[in-house]
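K.L.:
If you scroll down you'll find the structure; I have some questions about it.
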Amino acid sequence: MINEFKQLRVRFAPSPTGKLHLGNARAALFNYLFAKKEKGKFILRIEDTDLERSSLEFEKDIIGSLKWFGIEWNEFYRQSERIETYAKYLEKLINDGKAYHCFCSEEELEAKRHEQMSGGLPPVYSGKCRNLSDEEVKKNQAEGKKSIIRFKSPEKKVKFRDLIRGEVEFDSSLIGDFSLAKDLVTPLYNFAVVVDDFEMKISHVIRGEDHISNTPKQILLQEALNFSQPKYAHLPIMLGPDRAKLSKRHGDTSVSDYREQGYLPEAMVNFMAFLGWNPGTEREIYSMNDLIKDFSLERIQKGGAIFDIERLNYLNGVYIRQKSLDELTELCLPFAPNAEKKQLKKAVALYQERLKKLSEIAELTDFFFKDVLEYNKELLKWKNMTDGETKEILDKLDKILCDISDKKWTKENLEKILMPEAESLKDRGKLLWPLRVALTGKKASAGPFEVAEALGKEKTLDRIKQARELIK
Ligand code: GLU
(Lines give C-alpha, C1' and ligand atoms only; values in the text may rest on other atoms or scores of the structure.)
Protein backbone atom coordinates (compact mmCIF):
# COMPACT_ATOMS: atom_id res chain seq x y z
CA MET A 1 0.00 0.00 0.00
CA ILE A 2 1.19 3.50 -0.82
CA ASN A 3 0.91 6.56 1.35
CA GLU A 4 1.14 5.49 4.97
CA PHE A 5 0.38 8.41 7.22
CA LYS A 6 3.33 10.04 8.87
CA GLN A 7 1.42 13.07 9.97
CA LEU A 8 -2.07 13.80 11.16
CA ARG A 9 -3.83 15.65 8.35
CA VAL A 10 -7.53 16.43 8.18
CA ARG A 11 -9.62 18.31 5.70
CA PHE A 12 -12.79 20.32 5.54
CA ALA A 13 -14.26 19.91 2.07
CA PRO A 14 -17.30 22.12 1.50
CA SER A 15 -19.11 22.39 -1.82
CA PRO A 16 -19.76 26.06 -2.62
CA THR A 17 -23.35 25.40 -3.64
CA GLY A 18 -24.85 27.37 -0.76
CA LYS A 19 -23.84 29.43 2.24
CA LEU A 20 -21.94 27.67 5.02
CA HIS A 21 -24.59 26.03 7.15
CA LEU A 22 -24.36 24.99 10.76
CA GLY A 23 -23.91 21.29 10.09
CA ASN A 24 -20.92 21.88 7.88
CA ALA A 25 -19.54 24.57 10.17
CA ARG A 26 -19.56 22.05 12.99
CA ALA A 27 -17.66 19.58 10.81
CA ALA A 28 -15.10 22.29 10.08
CA LEU A 29 -14.80 23.07 13.78
CA PHE A 30 -14.33 19.45 14.83
CA ASN A 31 -11.68 18.91 12.17
CA TYR A 32 -9.92 22.07 13.24
CA LEU A 33 -10.04 21.23 16.96
CA PHE A 34 -8.72 17.74 16.30
CA ALA A 35 -5.87 19.02 14.10
CA LYS A 36 -4.91 21.69 16.60
CA LYS A 37 -5.08 19.38 19.57
CA GLU A 38 -2.97 16.71 17.87
CA LYS A 39 -0.60 19.22 16.26
CA GLY A 40 -1.61 18.10 12.80
CA LYS A 41 -2.57 20.02 9.67
CA PHE A 42 -5.97 21.33 8.67
CA ILE A 43 -6.72 21.55 4.98
CA LEU A 44 -9.48 23.53 3.31
CA ARG A 45 -10.62 22.01 0.05
CA ILE A 46 -13.32 23.66 -2.02
CA GLU A 47 -15.25 20.93 -3.84
CA ASP A 48 -16.45 22.87 -6.84
CA THR A 49 -16.46 20.28 -9.60
CA ASP A 50 -20.19 20.79 -10.07
CA LEU A 51 -19.73 23.96 -12.06
CA GLU A 52 -23.41 24.60 -12.52
CA ARG A 53 -24.23 24.64 -8.85
CA SER A 54 -20.99 26.09 -7.47
CA SER A 55 -20.35 29.80 -7.21
CA LEU A 56 -17.59 32.09 -6.07
CA GLU A 57 -20.09 33.99 -3.98
CA PHE A 58 -20.78 30.91 -1.86
CA GLU A 59 -17.07 30.16 -1.65
CA LYS A 60 -16.57 33.64 -0.26
CA ASP A 61 -19.36 33.12 2.25
CA ILE A 62 -17.79 29.87 3.44
CA ILE A 63 -14.32 31.35 3.74
CA GLY A 64 -15.66 34.48 5.43
CA SER A 65 -17.56 32.41 7.99
CA LEU A 66 -14.56 30.20 8.77
CA LYS A 67 -12.37 33.25 9.30
CA TRP A 68 -15.02 34.83 11.47
CA PHE A 69 -14.86 31.76 13.75
CA GLY A 70 -11.10 32.02 13.86
CA ILE A 71 -10.63 28.74 11.98
CA GLU A 72 -7.43 28.89 9.94
CA TRP A 73 -6.12 26.42 7.42
CA ASN A 74 -2.60 25.27 6.60
CA GLU A 75 -3.31 24.46 2.97
CA PHE A 76 -5.98 25.47 0.48
CA TYR A 77 -7.17 23.68 -2.67
CA ARG A 78 -9.90 24.09 -5.23
CA GLN A 79 -10.96 20.95 -7.03
CA SER A 80 -11.72 22.81 -10.26
CA GLU A 81 -8.00 23.55 -10.49
CA ARG A 82 -7.03 19.89 -10.22
CA ILE A 83 -8.86 18.42 -13.18
CA GLU A 84 -5.70 16.96 -14.75
CA THR A 85 -4.98 14.97 -11.63
CA TYR A 86 -8.41 13.38 -11.67
CA ALA A 87 -8.14 12.66 -15.41
CA LYS A 88 -4.88 10.80 -14.81
CA TYR A 89 -6.49 8.44 -12.30
CA LEU A 90 -9.62 8.03 -14.40
CA GLU A 91 -7.55 6.89 -17.34
CA LYS A 92 -5.68 4.51 -15.12
CA LEU A 93 -8.90 2.94 -13.86
CA ILE A 94 -10.22 2.58 -17.40
CA ASN A 95 -6.94 1.10 -18.66
CA ASP A 96 -6.86 -1.34 -15.77
CA GLY A 97 -10.40 -2.45 -16.64
CA LYS A 98 -11.72 -1.13 -13.33
CA ALA A 99 -13.90 1.55 -14.85
CA TYR A 100 -15.85 1.75 -18.08
CA HIS A 101 -17.83 4.01 -20.36
CA CYS A 102 -21.56 3.73 -19.97
CA PHE A 103 -23.73 4.88 -22.87
CA CYS A 104 -27.14 4.34 -21.28
CA SER A 105 -29.39 7.34 -21.65
CA GLU A 106 -30.87 9.20 -18.69
CA GLU A 107 -34.36 8.00 -19.70
CA GLU A 108 -33.22 4.40 -19.89
CA LEU A 109 -31.62 4.63 -16.44
CA GLU A 110 -34.63 6.31 -14.95
CA ALA A 111 -36.99 3.67 -16.34
CA LYS A 112 -34.80 0.93 -14.89
CA ARG A 113 -34.61 2.63 -11.50
CA HIS A 114 -38.35 2.95 -11.46
CA GLU A 115 -38.79 -0.70 -12.34
CA GLN A 116 -36.39 -1.80 -9.59
CA MET A 117 -37.97 0.37 -6.95
CA SER A 118 -41.49 -0.75 -7.72
CA GLY A 119 -40.25 -4.34 -7.54
CA GLY A 120 -38.82 -3.61 -4.08
CA LEU A 121 -35.24 -3.84 -5.36
CA PRO A 122 -32.40 -1.42 -4.61
CA PRO A 123 -31.93 1.05 -7.48
CA VAL A 124 -28.50 -0.02 -8.70
CA TYR A 125 -27.12 0.19 -12.21
CA SER A 126 -27.91 -2.92 -14.25
CA GLY A 127 -24.38 -3.34 -15.58
CA LYS A 128 -25.54 -3.18 -19.19
CA CYS A 129 -22.41 -1.41 -20.48
CA ARG A 130 -20.00 -3.20 -18.14
CA ASN A 131 -18.70 -5.63 -20.72
CA LEU A 132 -18.74 -3.63 -23.93
CA SER A 133 -15.77 -4.50 -26.11
CA ASP A 134 -13.22 -1.85 -27.06
CA GLU A 135 -14.67 -1.88 -30.58
CA GLU A 136 -18.19 -1.26 -29.34
CA VAL A 137 -17.00 1.62 -27.17
CA LYS A 138 -15.08 3.13 -30.07
CA LYS A 139 -18.04 2.70 -32.36
CA ASN A 140 -20.41 4.41 -29.91
CA GLN A 141 -17.95 7.23 -29.45
CA ALA A 142 -17.48 7.61 -33.17
CA GLU A 143 -21.25 7.90 -33.49
CA GLY A 144 -21.10 10.72 -30.97
CA LYS A 145 -23.05 8.84 -28.30
CA LYS A 146 -22.79 10.47 -24.88
CA SER A 147 -21.30 8.47 -22.05
CA ILE A 148 -20.34 8.68 -18.40
CA ILE A 149 -17.63 6.75 -16.60
CA ARG A 150 -18.64 4.09 -14.12
CA PHE A 151 -16.74 2.09 -11.55
CA LYS A 152 -16.72 -1.67 -11.94
CA SER A 153 -17.78 -2.45 -8.39
CA PRO A 154 -16.46 -5.78 -7.10
CA GLU A 155 -18.97 -7.98 -5.28
CA LYS A 156 -18.00 -7.96 -1.63
CA LYS A 157 -18.82 -6.79 1.83
CA VAL A 158 -17.16 -3.50 2.68
CA LYS A 159 -16.29 -3.15 6.34
CA PHE A 160 -14.67 -0.30 8.19
CA ARG A 161 -14.25 0.85 11.76
CA ASP A 162 -15.74 4.23 12.29
CA LEU A 163 -14.06 6.07 15.17
CA ILE A 164 -17.45 7.19 16.46
CA ARG A 165 -19.85 4.50 15.30
CA GLY A 166 -17.68 1.39 15.56
CA GLU A 167 -17.92 -1.42 12.98
CA VAL A 168 -19.86 -0.48 9.87
CA GLU A 169 -20.63 -2.89 7.07
CA PHE A 170 -22.14 -2.41 3.62
CA ASP A 171 -22.88 -4.92 0.89
CA SER A 172 -21.48 -3.70 -2.41
CA SER A 173 -24.31 -5.33 -4.33
CA LEU A 174 -26.48 -2.54 -2.95
CA ILE A 175 -24.05 0.01 -4.33
CA GLY A 176 -23.55 -1.32 -7.84
CA ASP A 177 -21.46 0.29 -10.54
CA PHE A 178 -21.65 3.89 -9.39
CA SER A 179 -20.59 6.81 -11.57
CA LEU A 180 -17.14 8.33 -11.24
CA ALA A 181 -17.22 11.12 -13.77
CA LYS A 182 -19.36 12.68 -16.46
CA ASP A 183 -16.31 12.58 -18.71
CA LEU A 184 -12.54 12.76 -18.34
CA VAL A 185 -12.63 16.40 -17.30
CA THR A 186 -15.75 16.34 -15.14
CA PRO A 187 -15.17 14.12 -12.11
CA LEU A 188 -17.97 13.47 -9.64
CA TYR A 189 -17.89 13.71 -5.86
CA ASN A 190 -16.97 10.19 -4.71
CA PHE A 191 -14.13 9.87 -7.16
CA ALA A 192 -12.63 13.34 -6.70
CA VAL A 193 -12.74 12.93 -2.93
CA VAL A 194 -10.84 9.65 -3.02
CA VAL A 195 -8.14 11.05 -5.27
CA ASP A 196 -7.77 14.16 -3.14
CA ASP A 197 -7.82 12.43 0.20
CA PHE A 198 -4.98 10.29 -1.12
CA GLU A 199 -2.99 13.02 -2.84
CA MET A 200 -3.38 15.32 0.14
CA LYS A 201 -2.32 12.52 2.51
CA ILE A 202 -5.45 12.87 4.62
CA SER A 203 -5.14 10.66 7.70
CA HIS A 204 -8.62 11.21 9.17
CA VAL A 205 -11.88 11.96 7.40
CA ILE A 206 -14.24 13.66 9.84
CA ARG A 207 -17.58 14.57 8.32
CA GLY A 208 -21.33 14.46 8.81
CA GLU A 209 -23.20 11.20 9.17
CA ASP A 210 -25.11 11.98 5.98
CA HIS A 211 -21.96 10.89 4.13
CA ILE A 212 -21.69 7.48 5.72
CA SER A 213 -23.25 5.75 2.71
CA ASN A 214 -20.54 7.27 0.50
CA THR A 215 -17.78 5.75 2.57
CA PRO A 216 -18.04 2.18 1.19
CA LYS A 217 -17.88 3.57 -2.35
CA GLN A 218 -14.81 5.54 -1.45
CA ILE A 219 -13.20 2.51 0.17
CA LEU A 220 -13.84 0.38 -2.92
CA LEU A 221 -12.16 3.04 -5.01
CA GLN A 222 -9.19 3.26 -2.66
CA GLU A 223 -8.77 -0.48 -2.99
CA ALA A 224 -8.97 -0.30 -6.78
CA LEU A 225 -6.33 2.41 -6.88
CA ASN A 226 -4.18 0.82 -4.22
CA PHE A 227 -4.51 3.80 -1.93
CA SER A 228 -4.27 3.50 1.83
CA GLN A 229 -7.42 4.07 3.82
CA PRO A 230 -7.83 7.09 6.06
CA LYS A 231 -9.59 6.66 9.39
CA TYR A 232 -13.23 7.67 9.34
CA ALA A 233 -15.31 9.52 11.91
CA HIS A 234 -18.91 10.35 11.06
CA LEU A 235 -20.43 13.07 13.20
CA PRO A 236 -23.95 12.65 14.60
CA ILE A 237 -26.77 14.19 12.69
CA MET A 238 -28.08 17.57 13.83
CA LEU A 239 -31.71 17.63 14.94
CA GLY A 240 -34.20 20.39 15.59
CA PRO A 241 -35.97 20.60 18.97
CA ASP A 242 -38.68 18.34 17.49
CA ARG A 243 -36.00 15.71 16.81
CA ALA A 244 -36.45 16.00 13.04
CA LYS A 245 -33.35 16.57 10.93
CA LEU A 246 -32.30 20.22 11.24
CA SER A 247 -33.52 22.18 8.26
CA LYS A 248 -34.67 25.62 7.16
CA ARG A 249 -38.00 24.79 8.73
CA HIS A 250 -36.37 25.21 12.14
CA GLY A 251 -35.19 28.71 11.33
CA ASP A 252 -31.89 30.03 10.06
CA THR A 253 -29.31 27.47 9.17
CA SER A 254 -26.49 29.46 7.66
CA VAL A 255 -23.67 30.91 9.69
CA SER A 256 -23.90 34.31 8.03
CA ASP A 257 -27.56 34.59 9.03
CA TYR A 258 -26.56 34.13 12.65
CA ARG A 259 -23.78 36.61 12.24
CA GLU A 260 -26.22 39.17 10.83
CA GLN A 261 -28.49 38.72 13.82
CA GLY A 262 -25.69 39.64 16.15
CA TYR A 263 -24.41 36.36 17.49
CA LEU A 264 -20.76 36.45 18.49
CA PRO A 265 -18.33 33.96 16.95
CA GLU A 266 -17.13 32.93 20.41
CA ALA A 267 -20.69 31.96 21.35
CA MET A 268 -21.25 30.09 18.11
CA VAL A 269 -18.00 28.13 18.47
CA ASN A 270 -18.83 27.22 22.06
CA PHE A 271 -22.36 26.25 21.03
CA MET A 272 -21.36 24.17 18.00
CA ALA A 273 -18.71 22.28 19.92
CA PHE A 274 -21.43 20.93 22.17
CA LEU A 275 -23.51 19.70 19.25
CA GLY A 276 -22.31 16.16 19.47
CA TRP A 277 -19.38 16.56 21.84
CA ASN A 278 -19.14 17.28 25.56
CA PRO A 279 -16.25 17.39 27.99
CA GLY A 280 -17.90 14.94 30.41
CA THR A 281 -18.07 17.59 33.12
CA GLU A 282 -20.54 20.29 34.12
CA ARG A 283 -18.44 22.97 32.52
CA GLU A 284 -20.15 24.72 29.65
CA ILE A 285 -18.16 27.83 28.85
CA TYR A 286 -15.33 27.04 26.47
CA SER A 287 -13.21 29.37 24.37
CA MET A 288 -11.61 28.06 21.19
CA ASN A 289 -8.35 27.53 23.06
CA ASP A 290 -10.06 25.66 25.87
CA LEU A 291 -11.77 23.46 23.31
CA ILE A 292 -8.47 22.70 21.62
CA LYS A 293 -7.09 21.55 24.96
CA ASP A 294 -10.04 19.35 25.93
CA PHE A 295 -11.35 18.07 22.59
CA SER A 296 -11.23 14.40 21.73
CA LEU A 297 -12.92 12.23 19.13
CA GLU A 298 -13.67 9.66 21.83
CA ARG A 299 -16.10 12.02 23.49
CA ILE A 300 -18.22 12.50 20.38
CA GLN A 301 -21.64 10.91 20.77
CA LYS A 302 -23.38 8.62 18.29
CA GLY A 303 -26.91 9.86 18.84
CA GLY A 304 -28.32 12.94 17.15
CA ALA A 305 -27.29 16.35 18.48
CA ILE A 306 -30.22 18.61 19.32
CA PHE A 307 -30.03 22.21 18.28
CA ASP A 308 -31.40 24.41 21.06
CA ILE A 309 -31.56 28.08 20.17
CA GLU A 310 -32.17 29.03 23.82
CA ARG A 311 -28.78 27.65 24.67
CA LEU A 312 -27.16 29.69 21.93
CA ASN A 313 -28.94 32.80 23.22
CA TYR A 314 -27.73 32.08 26.71
CA LEU A 315 -24.13 31.59 25.57
CA ASN A 316 -24.28 34.73 23.46
CA GLY A 317 -25.36 36.69 26.54
CA VAL A 318 -22.41 35.26 28.46
CA TYR A 319 -19.92 36.38 25.79
CA ILE A 320 -21.61 39.77 25.40
CA ARG A 321 -21.13 40.39 29.12
CA GLN A 322 -17.46 39.45 28.86
CA LYS A 323 -16.77 42.25 26.37
CA SER A 324 -15.40 45.59 27.46
CA LEU A 325 -17.83 48.45 26.91
CA ASP A 326 -15.69 49.83 24.09
CA GLU A 327 -15.52 46.49 22.31
CA LEU A 328 -19.22 45.90 22.66
CA THR A 329 -20.04 49.39 21.39
CA GLU A 330 -17.87 48.77 18.34
CA LEU A 331 -19.68 45.47 17.74
CA CYS A 332 -23.09 47.13 18.11
CA LEU A 333 -22.36 49.99 15.71
CA PRO A 334 -23.46 48.14 12.56
CA PHE A 335 -26.75 47.30 14.27
CA ALA A 336 -27.55 50.92 15.13
CA PRO A 337 -26.31 52.71 12.02
CA ASN A 338 -27.96 56.02 12.89
CA ALA A 339 -26.42 56.24 16.32
CA GLU A 340 -23.51 58.41 17.19
CA LYS A 341 -20.78 56.36 18.84
CA LYS A 342 -20.55 58.29 22.10
CA GLN A 343 -24.28 58.11 22.58
CA LEU A 344 -24.39 54.47 21.61
CA LYS A 345 -21.79 53.65 24.20
CA LYS A 346 -24.05 55.08 26.89
CA ALA A 347 -26.98 53.13 25.56
CA VAL A 348 -24.96 49.92 25.34
CA ALA A 349 -23.83 50.37 28.93
CA LEU A 350 -27.47 50.32 30.00
CA TYR A 351 -28.17 47.08 28.22
CA GLN A 352 -24.98 45.04 28.30
CA GLU A 353 -26.29 42.93 31.17
CA ARG A 354 -29.44 41.82 29.43
CA LEU A 355 -28.51 41.82 25.76
CA LYS A 356 -28.87 38.43 24.06
CA LYS A 357 -28.14 39.43 20.47
CA LEU A 358 -26.40 42.51 19.15
CA SER A 359 -29.30 43.20 16.81
CA GLU A 360 -31.57 43.84 19.81
CA ILE A 361 -29.62 46.98 20.54
CA ALA A 362 -31.42 48.93 17.81
CA GLU A 363 -34.86 48.36 19.24
CA LEU A 364 -33.84 48.59 22.87
CA THR A 365 -32.10 51.89 22.48
CA ASP A 366 -33.88 53.62 19.62
CA PHE A 367 -35.38 56.08 22.13
CA PHE A 368 -31.89 57.39 22.67
CA PHE A 369 -31.49 58.65 19.17
CA LYS A 370 -34.91 60.15 18.54
CA ASP A 371 -35.90 63.76 19.16
CA VAL A 372 -39.57 63.04 19.63
CA LEU A 373 -40.87 59.81 21.14
CA GLU A 374 -44.07 58.31 19.94
CA TYR A 375 -46.20 56.46 22.45
CA ASN A 376 -49.74 56.42 23.73
CA LYS A 377 -50.34 58.79 26.65
CA GLU A 378 -52.07 55.97 28.54
CA LEU A 379 -48.70 54.32 28.87
CA LEU A 380 -47.60 57.16 31.17
CA LYS A 381 -50.12 56.13 33.82
CA TRP A 382 -49.21 53.76 36.60
CA LYS A 383 -52.07 51.42 37.58
CA ASN A 384 -55.27 53.51 37.87
CA MET A 385 -53.69 56.95 37.90
CA THR A 386 -55.76 59.70 36.30
CA ASP A 387 -54.53 62.18 33.71
CA GLY A 388 -54.51 64.86 36.40
CA GLU A 389 -52.42 62.86 38.85
CA THR A 390 -49.97 61.90 36.16
CA LYS A 391 -49.65 65.47 35.03
CA GLU A 392 -49.02 66.55 38.60
CA ILE A 393 -46.21 64.04 38.99
CA LEU A 394 -44.61 65.14 35.74
CA ASP A 395 -44.79 68.78 36.81
CA LYS A 396 -43.19 67.88 40.08
CA LEU A 397 -40.44 65.92 38.36
CA ASP A 398 -39.76 68.83 36.06
CA LYS A 399 -39.41 71.18 38.99
CA ILE A 400 -37.08 68.95 40.98
CA LEU A 401 -34.91 67.97 38.04
CA CYS A 402 -34.55 71.56 36.85
CA ASP A 403 -32.73 72.37 40.05
CA ILE A 404 -30.15 69.63 39.75
CA SER A 405 -26.96 70.90 38.16
CA ASP A 406 -25.31 69.15 35.22
CA LYS A 407 -22.41 68.29 37.45
CA LYS A 408 -24.63 66.46 39.90
CA TRP A 409 -26.52 64.68 37.15
CA THR A 410 -25.55 61.16 38.08
CA LYS A 411 -27.60 58.03 38.54
CA GLU A 412 -26.75 57.95 42.25
CA ASN A 413 -27.68 61.55 42.87
CA LEU A 414 -30.88 61.32 40.91
CA GLU A 415 -31.84 58.28 42.90
CA LYS A 416 -30.95 59.98 46.19
CA ILE A 417 -33.13 62.95 45.36
CA LEU A 418 -36.08 61.22 43.70
CA MET A 419 -36.47 58.07 45.77
CA PRO A 420 -37.73 59.84 48.92
CA GLU A 421 -40.27 61.65 46.74
CA ALA A 422 -41.39 58.37 45.26
CA GLU A 423 -41.59 56.69 48.67
CA SER A 424 -43.67 59.57 50.03
CA LEU A 425 -46.38 58.66 47.52
CA LYS A 426 -46.85 55.29 49.24
CA ASP A 427 -46.60 53.54 45.87
CA ARG A 428 -43.32 54.49 44.28
CA GLY A 429 -44.49 53.32 40.90
CA LYS A 430 -46.55 56.50 40.77
CA LEU A 431 -43.38 58.47 40.21
CA LEU A 432 -40.93 55.99 38.77
CA TRP A 433 -43.24 54.64 36.06
CA PRO A 434 -44.26 57.94 34.43
CA LEU A 435 -40.65 59.09 34.60
CA ARG A 436 -39.35 56.02 32.89
CA VAL A 437 -42.02 56.04 30.20
CA ALA A 438 -41.49 59.76 29.58
CA LEU A 439 -37.81 59.09 29.00
CA THR A 440 -38.07 55.95 26.89
CA GLY A 441 -41.60 55.74 25.50
CA LYS A 442 -41.44 52.03 26.30
CA LYS A 443 -43.25 49.58 28.50
CA ALA A 444 -40.00 47.89 29.44
CA SER A 445 -36.52 49.37 29.56
CA ALA A 446 -33.56 49.98 31.80
CA GLY A 447 -34.30 51.81 35.08
CA PRO A 448 -35.27 55.53 35.07
CA PHE A 449 -32.20 56.83 36.91
CA GLU A 450 -29.74 55.04 34.63
CA VAL A 451 -31.63 56.22 31.59
CA ALA A 452 -31.81 59.81 32.85
CA GLU A 453 -28.10 59.86 33.51
CA ALA A 454 -27.32 58.46 30.08
CA LEU A 455 -29.66 60.91 28.34
CA GLY A 456 -28.27 63.91 30.21
CA LYS A 457 -30.17 66.77 31.82
CA GLU A 458 -31.26 68.63 28.73
CA LYS A 459 -32.78 65.65 26.95
CA THR A 460 -34.40 64.38 30.14
CA LEU A 461 -36.15 67.68 30.74
CA ASP A 462 -37.18 67.89 27.13
CA ARG A 463 -38.82 64.48 27.32
CA ILE A 464 -40.66 65.33 30.50
CA LYS A 465 -41.95 68.41 28.71
CA GLN A 466 -43.13 66.22 25.81
CA ALA A 467 -44.94 63.97 28.28
CA ARG A 468 -46.63 66.90 30.02
CA GLU A 469 -47.89 68.15 26.70
CA LEU A 470 -49.17 64.74 25.80
CA ILE A 471 -51.21 64.33 28.98
CA LYS A 472 -52.64 67.82 29.41
N1 GLU B 1 -18.20 18.26 -0.58
C2 GLU B 1 -18.82 17.40 0.37
C3 GLU B 1 -19.90 18.16 1.11
O4 GLU B 1 -19.89 19.37 1.11
C5 GLU B 1 -17.75 16.90 1.31
C6 GLU B 1 -18.05 15.66 1.99
C7 GLU B 1 -16.80 15.03 2.60
O8 GLU B 1 -16.33 15.60 3.61
O9 GLU B 1 -16.30 14.08 2.08
O10 GLU B 1 -20.79 17.59 1.67
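K.L.:
Of all residues in the range 237-252, which are farther than 17 Å from His211 by Cα and not charged (D, E, K, R)?
P.N.:
Within the range 237-252, Gly240, Pro241, Ala244, His250, Gly251 qualify.
K.L.:
Write out, first by first residue and then by second, each pair whose Cβ atoms fall under 7 Å of each other, whose residues are 6+ apart or on separate chains, and whose first residue, in the range 289-303, is in a strand (DSSP E or B) while the second is β-branched (Val, Ile, Thr) and surrounded by 13 or more Cβ atoms within 10 Å (Cβ to Cβ).
P.N.:
Note: pairs meeting the criteria are Ile300/Ile164.
K.L.:
Return the pair list, or none, for Cβ contacts closer than 6 Å from residues in the range 49-66 that are closer than 13 Å to Arg78 by Cβ to residues that are modelled with pLDDT under 95 and among the aromatic types (Phe, Trp, Tyr), at least 6 apart or on different chains.
P.N.:
Cβ pairs passing all conditions: none.
K.L.:
In the range 26-82, how many residues are open to solvent by less than 50 Å² (accessible area, probe 1.4 Å) and farther than 27 Å from Asn278 by Cβ?
P.N.:
Looking only at that region, the number is 15.
K.L.:
Being within 35 Å of the chain's Cα centre (by Cα) and either open to solvent by less than 20 Å² (accessible area, probe 1.4 Å) or at pLDDT below 95 (or both) is true for just one of Ile149, Ile164. Which residue is that?
P.N.:
Ile164
K.L.:
Could you grab me the full set of residues in the range 310-328 that are open to solvent by 60 Å² or more (accessible area, probe 1.4 Å) and either among the hydrophobic types (A, V, I, L, M, F, W, C) or more than 18 Å from Arg243 (Cβ to Cβ) (or both)?
P.N.:
Result: Tyr314, Arg321, Gln322, Asp326, Glu327.
K.L.:
Look through the range 108-127, keep the residues that are among the small types (Gly, Ala, Ser) and open to solvent by less than 80 Å² (accessible area, probe 1.4 Å), and return whichever of them is farthest from Asp171 (Cα to Cα).
P.N.:
Filtering the range 108-127 for residues that are among the small types (Gly, Ala, Ser) and open to solvent by less than 80 Å² (accessible area, probe 1.4 Å), the one farthest from Asp171 (Cα to Cα) comes out as Ala111.
K.L.:
Another question, if that's okay. With the checklist (1) modelled with pLDDT under 95; (2) open to solvent by less than 40 Å² (accessible area, probe 1.4 Å); (3) not charged (D, E, K, R); (4) not in a helix (DSSP H, G or I) in hand, flag the one item Ile404 doesn't pass.
P.N.:
Exception for Ile404: condition (1).
K.L.:
Let me ask something else about it. Tell me which strands (runs of 3 or more DSSP E) are completely within the range 159-272 and hold 2 or more residues being within 15 Å of the ligand (Cβ to nearest atom) and not basic (Lys, Arg), or say none if there are none.
P.N.:
Those strands (runs of 3 or more DSSP E) span 204-208, 231-235.
K.L.:
Here are the criteria: (1) closer than 30 Å to Glu266 by Cβ; (2) open to solvent by 30 Å² or more (accessible area, probe 1.4 Å). Tell me which single one Tyr375 does not satisfy.
P.N.:
Looking at each condition in turn, Tyr375 falls short on (1).
The values are calculated or read from the model by the stated rules, or taken from the named source; none is laboratory data. Note that the structure is a prediction, hence the values are computed from the model and not measured. Here Cβ is always computed from backbone atoms with ideal geometry, including for glycine, and neighbour counts include all displayed protein chains. Heads up: the accessible areas ignore ligands, DNA and RNA and are worked out on the full protein's heavy atoms, side chains in. Shrake-Rupley method; radii C 1.70, N 1.55, O 1.52, S 1.80 Å.
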